[in-house]
Structure formats: structure tokens, C-alpha cells
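Comments concern the structure below.
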Amino acid sequence: MNQNSKIKTTSKRIKPFKELKLLKLMAQIKTRKELIEAYLKFFESNNHKIIPSSSLIPANDPTVLFTTAGMHPLVPYLLGQKHPLGKRIANVQKCIRTTDIDEVGDEVHHTFFEMLGNWSLGDYWKKEAIKMTFDFHTKILKIPLEKYAISCFGKDEKLTEVKKDEESAKIWEGLGVPKERIIFLGKKDNWWGPAGNTGPCGPDTEQFYWTGEEKAPKEFNPENKNWVEIGNDVLMQYVKNENGDYNEAKQKNVDFGGGVERTVTILNGLKDNYLADMWKPIITEIEKLSGKKYSEEKNKKTMRIIADHIKASVFIIADGGMPSNSGSGYVLRRLLRRAIVNLKKLGLENKNLINQISQKIYEIYDDYDELKNNKKEIEKIISIEEENFSKTLEKGLNTFNKISKKGKEISGKDAFLLFQSYGFPIEMTEEMAKEKKLKVNKKDYEKEFQKHIKLSKTASKGLFKSGLADNSEKTTRLHTATHLLNEALRKILGEEIKQKGSNINPERLRFDFNFDRKLTNEEVKKVEDLVNKKIKESLEVKVEETSLEKAIKEGAQAEFGAKYPEIITVYTILDKKEKKGFFSKEICTGPHVKNTKEIGKFKIIKEESSSAGVRRIKAIVQD
Ligand code: ATP
Ligand code: MG
């Protein structure tokens, strides 16, 4: 059966919410969970199918680091692909907006937030979309009209090809929003898309709420910060083509996005999101630990940043993120380190603080399985990152202070030193410099960075040995740790274990192997302990070139299914206690350490399924 056939497109089919048993839900909504339930029920009753939130880290889109809006995972359907659940979809989507990191500290912008979303994929259009938004806001949430205002797309010199969106304004007016509360703004404020150079685009119409203590002015002026945007209907009316023409779209879509945090806040008669139920317990915990008060103006921004960055980090790790020096991993690292620096500003350091504060996050968001199921791993990753950074933070801050006395600008070399030796992300150095009214030479910093990458590459080719504890050295240690891990798995789980894949970057190793169930915590611990034991025993690593046949005969491990040349390199980790005289022997191109003691401490941070019958372990090494 055609899934879409059940859905009629005329407005008559949409049951007015009164007919539905939503009365109970209309009791005052005060919490995040109540809002989400009311929203989804309302749209379900309006024939929307509810879909789950997508991962924060987009699976099939390497062009972006994070999911920034509910619309994001639905792009293929907005472009015309048929959604298996039909033309009316709604959900609550986890979002990360790195572009808002600098706004964090105010009352309404977060790095991580939840977005209410409903979509018409070529189904209902302006009239019904606006009516549903209006009903949800004014009837379900009972937002009084006196505090409600609207913006629509007006004329814009940069966009003369399309007309002013009088249509939407008229619909709002027809529903009872006074004319003075409907304003027309230009492209910057009320236009969306296209995402690239061509494709769907169109006007949007935004809803605002008056948070001021005094009566809302008759006339809506968005410059007044007491008006807070709570929702936005994007109306994909046009398609822009390669010639730059805007044609009416064949499939007209609607995309509504509404902020959960902002909406709950206003429903509680508050102005500050951090006083609503998805933030307050975290803030209270920070107050408790620091003995400082959130109500004191001087602590507010610091506490907000700490709470925000920790929450975002927990959610990113729950979706598979790992701190690293590039991509989403770098954003995560930045968030955690900035949280640590801000904790220090409150006089807090070095006590597994982030995990303590995070307990509140697990409690608030107990409806997210990914937090529940990955709690242990999340905590482990956080504590490692916190421990490592805390070690160098004090020294780093001292160095920063010395550097900042040199002049008006922090040189690229010094900024790079802070990054390389003390793990200060450049954005953090810039922020700290700004507090001292100093600039950072970012251009030179980039140059230093590139120079370093080149050096590392040369070093890893064995052409030049740099004295730095650089990436290539870390990789080398992880290579040898992988061999120890491979053998430890065989010893603990059974000889039938074979490597199915391996991937190493300077941050971690990833090892796939055949095994058909989850490892118990005990097994993971045993494997980890055995690897660490072999590291402590300071075993020599021998390298030789030999024939494939001879290597296999001597018991060398080869990657399952891999093709090898006749003459291969074999790395052997010698061990007199073993009958064969070695702990591990593997065909491998290296590079490897000369002695296992160079590896440092080995830690497994994740054990998960990779595919059917294949498990995956992620592990790191530490100094
Ligand atoms: P603003 O102009 O306030 O930054 P926006 O135009 O970026 O908002 P949209 O992209 O339209 O917002 O997102 C839809 C809704 O999501 C907004 O109406 C708002 O309620 C919420 N929202 C957007 N960004 C954030 C954020 N950083 N933190 C919390 N909520 C947000
Ligand atoms: Mg914004």
C-alpha cells in the first residue's frame, strides 16, 4: 500500500485539537518533558508521524561536523525523496551549534539544545502550517496574544526576484495577531536557503515572546531584546536554479523549528533558560561544588559556560564522539577544556569534577537511551581528558601569563607552543588574550601548525627524527599497543580471534575482530590488564624481513583476508616466558617502538559492535 495514501492534504482532514483528548495536556506546561509530550501529541493528532532524533554526528555527511537543526537529517526528503512514513513528520532533534559557542553565556543560546520540529513534505502549506503553530503556541501552551509577535519576509534589495510574503502576514492577522505585532524583515532575518548554490529556498516566519517585566509594547520591534524568538516556520516556496532564477517549487515544504529550552523558560515566566528544569540542577551542582552563587552577576557567565559545555560534551560522546585534534573531536576537546578552565575560574580543579556535575545531566535526560547505555564509557573518556588537561593546565597558565607580558600581540609561535605543549586550543588562547586586551597572530599560528604537520610526516617516514613528542610518536606507540591487544584478545577470548580491521590516528587505536557477543566488563579489564602487564615487562620489539611462508610457519598473525607480497616485514614482541619465545608476531609495515615500555599506560575506552559478528575496541595510550 502506498503509505502516503492515508494522508489527505485538505485542511478539513486536520482534526481541530479540541476534538482530541489533549485537555489534560493543556494543564500548565512547566517542564521539558511536558513540553515535548504536548508537542508530539499535538502533531500526532494532526496526522504527523513521529520519528526519533538523529545522531548529533551526521552519519553520511562529511561536510558538516554536527546536526544543527531538525531539518538537517531530513534534507533528502525536502529535496523530493519519498519519506517512508509519509508527508507529515514531527520529532524532537538534538542539535549542536558550534556557531553559537561565542554566544554561550547569554540567557538563550546554547551549544547543545533540543529542537521541536514538524515538517510538511509537499503536503500542507502556509495556511495550515501557520494555523498549527499558532494553535500550539496560543492554545496548547496558552501563550497570551499580548506577549506574541511575528516576523515575515519583506522586500530586500538583494532579493528582488521574489515577492514580499504578504500571504503569511495575512494568515497571522486572520488568526488574531494584531497588525502592529507583525513585522516585515529582509533576507538576513527571514529568508532560508538554498543550502548550496541551487535548490529549495524560501521565506520564513518567526514567532517571538515578550519576556519583559513591563507590559509588551503595542508595536513589535525585534531590536528590543525582551522579544525572544521561540519558533520559526521555514516555507520552502521556491527553487533557485543555476541561472540564479527563483521559480515556484513543485514540492513546497514547511519546516518548523522551535527551541525546547526557550519555550520551557517562558512558560515558567522566566527570562533565563538556565533557571528552567533542563539547566537548573546542573547550575545548582556547580554552586554546591564551588560554594559560589549563580545569582551573583560575576559568576553567571562562567557557570553557564561550564554547564553548557559539559552538557554538549556528554551528548557528543554519547553519539560516538572522541576528543581529538581535528573535526568534531576537536570541538569536543575545546568544549571540555574550556569547561575545565572556567571551573578553575571558580576555584575548582583536579577532582573528576566534570563527571560529578554530569550526574545531573543523566538524571535530567533519562529519556535518552544513548546516555544511559554509554554512561560508563562517557565517564571514562571525560575523566581521561580532564586528567590529562589538568596536569598541564597550571603550567600552561603560567606560560600564558609570561607570554602575555611580552607585548600587545601573542605571536603565532607562542600560541602554537601553548597548543603543542599545554593543549590550549587556539580559540581558548584567543579568548584568554581578549580578556587581557591582547591579540593573537592567528595567521602565524596556522603557519606554525602546518610546519609541524610537515615535520611529523617527515619524522614518521623515518627521514628525520624530531625531538618533539609529536603525533608520529604517539601513533607508533599505538601501533605496538595494537599488536599487544591483538594477542591479549587471543589469550583471553580464544585462539580463533582474528584481526578484521585496524585504524590508528594520534588520538586512539581502533581494532576490529571476530567475536559474536559483547565482552563482559571483566573480560575487558582482563585484556587491558594483560596489555599493561606486557608493557611493564619492557619487552623488546624485533623487526625482520622474511618470506611470507616462513613467517606464517613461525606463527605470525596476518590480517584476515589481506593480500601480502612474497617478502614481508614481521614485528615480534619477544617474551622469554612464552614457549615460542615471543608474545606476539605479526606481519606489519610498522612503525613500532623498540621496547614495549615506550608505550605508556594502555586504556580501553570503548567496546562495541562493529558489524554482525565483529566487535570493535577503541583504546588510547597515556604518558
Ligand atoms: P537566534 O536568532 O535566536 O539565534 P535562530 O534564528 O538561529 O535563533 P533557528 O535557526 O530558526 O534559530 O532555530 C529554530 C529555533 O531553535 C529558534 O527559534 C530557537 O527557539 C531555537 N534555537 C536556535 N538556536 C539556539 C541555541 N543556540 N540555543 C537554544 N535554542 C536555540
Ligand atoms: Mg542563531
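Values quoted throughout were computed directly from the atomic coordinates according to the rules given, and no laboratory measurement underlies them. This one's a predicted model, so the numbers in the text were calculated from it and none came from an experiment. Glycine also receives a Cβ, built like all others from the backbone with ideal geometry; neighbour counts cover every protein chain displayed.
Values computed for the structure shown
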| quantity | calculated |
| --- | --- |
| Low-density loop positions, trypsin sites (Lys or Arg not before Pro), region 67-145 - DSSP coil, at most 15 other Cβ in 10 Å | 82, 142 |
| Residues of region 146-165 with amide N under 17 Å of a point placed 7 Å along Cα→Cβ from residue 245 | 160-163 |
| Where the Cα pairs of region 221-265 fall when distances are cut into 10 Å bins, in % | 23, 31, 25, 20, 1 |
| Cα→Cβ-extended label distance, 7 Å offset, between residue 614 and residue 296, nm | 5.5 |
| Cα gyration tensor shape of region 57-130, rounded if a/c is under 1.5, else prolate or oblate by comparing a/b with b/c | oblate |
| Average Cα contact separation per residue, the chain, under 8 Å, 6 or more apart, as relative contact order % | 9 |
| FRET efficiency for residue 543 and residue 514, using Cβ-Cβ distance with R0 set to 30 Å, rounded to 0.05 | 0.65 |
| Volume per residue of the C-alpha convex hull in region 508-569, rounded to whole Å³ | 145 |
| For q = 0.10, 0.13, 0.15, 0.18 Å⁻¹, Debye-computed log10 I/I(0) when each Cα of region 473-622 counts as one equal scatterer | -0.31, -0.53, -0.72, -1.07 |
| In region 347-402, GluC sites (Glu not before Pro) in a DSSP loop with at most 10 other beta-carbon atoms within 10 Å | none |
| Contact order relative to length of region 279-396, as percent, for alpha carbon pairs under 8 angstrom and 6 or more apart | 29 |
| Only Lys, Arg (+1) and Asp, Glu (-1) charged, at Cβ; the chain dipole about Cα centre in debye | 740 |
| Sorted by Cβ density within 10 Å, fewest first, the residues 451, 585, 437, 380 | 437, 451, 380, 585 |
| Most positive-pole-ward Cα, 247, 548, 614, against dipole of the chain from beta carbon charges | 548 |
| Exposure rule at most 14 other beta-carbon atoms within 10 Å, DSSP loop chymotrypsin sites (Phe, Trp or Tyr not before Pro): the chain longest free segment | 1-463 |
| Shape box of region 125-215 [Cα atoms, principal axes, largest first, Å] | 41, 27, 22 |
| Distance (nanometres) between label positions extended 7 Å along Cα→Cβ at residue 550 and residue 437 | 7.3 |
| Of 536/576; 376/518; 293/437, those spanning more than 19 Å from alpha-carbon to alpha-carbon | 293/437 |
| Cβ charges +1 (Lys, Arg) and -1 (Asp, Glu), total dipole of region 279-396, debye | 620 |
| Selection from 212, 57, 177 lying farthest towards where the dipole of region 8-274 points positive, charges on Cβ | 177 |
| Value of Rg/Rh across region 130-183 [Cα atoms, Kirkwood radius] | 1.05 |
| Beta bridges by DSSP in the chain, antiparallel share as percent, to the nearest 5 | 90 |
| Simple Cβ-charge dipole of region 473-622, Lys/Arg +1 and Asp/Glu -1, about Cα centre, in debye nearest 20 | 440 |
| Kyte-Doolittle mean at least 0.0 and Cα axial length at least 30 Å: DSSP H helices in the chain | 297-318 |
| Using alpha carbons only: equivalent-ellipsoid semi-axes of region 279-396, gyration tensor based, whole Å | 21, 18, 12 |
| Gyration tensor (alpha-carbon) shape descriptor, the chain, a/c threshold 1.5 | prolate |
| Extension gain (nm, one decimal) between residue 376 and residue 188, 0.36 nm per residue minus Cα-Cα | 63.3 nm |
| Segment residue 214-residue 98, extension gain: residue separation times 0.36 nm, minus the distance between their alpha carbons | 38.4 nm |
| Ascending count of other beta-carbon atoms within 10 Å, so fewest first, for 331, 254, 108 | 108, 331, 254 |
| Neighbour-limited loop hits for trypsin sites (Lys or Arg not before Pro), region 467-525 (at most 14 other Cβ within 10 Å; DSSP other than H, G, I, E, B) | 517, 518 |
| Dimensionless Rg ratio for region 143-295, taking C-alpha atoms and the 2.2 N^0.38 Å reference | 1.27 |
| Dimensions (Å) - region 99-173, Cα atoms, principal axes, largest first | 37, 37, 30 |
| Directionally averaged shadow of region 8-274, computed from the convex hull of its alpha-carbon atoms, nm² | 14.1 |
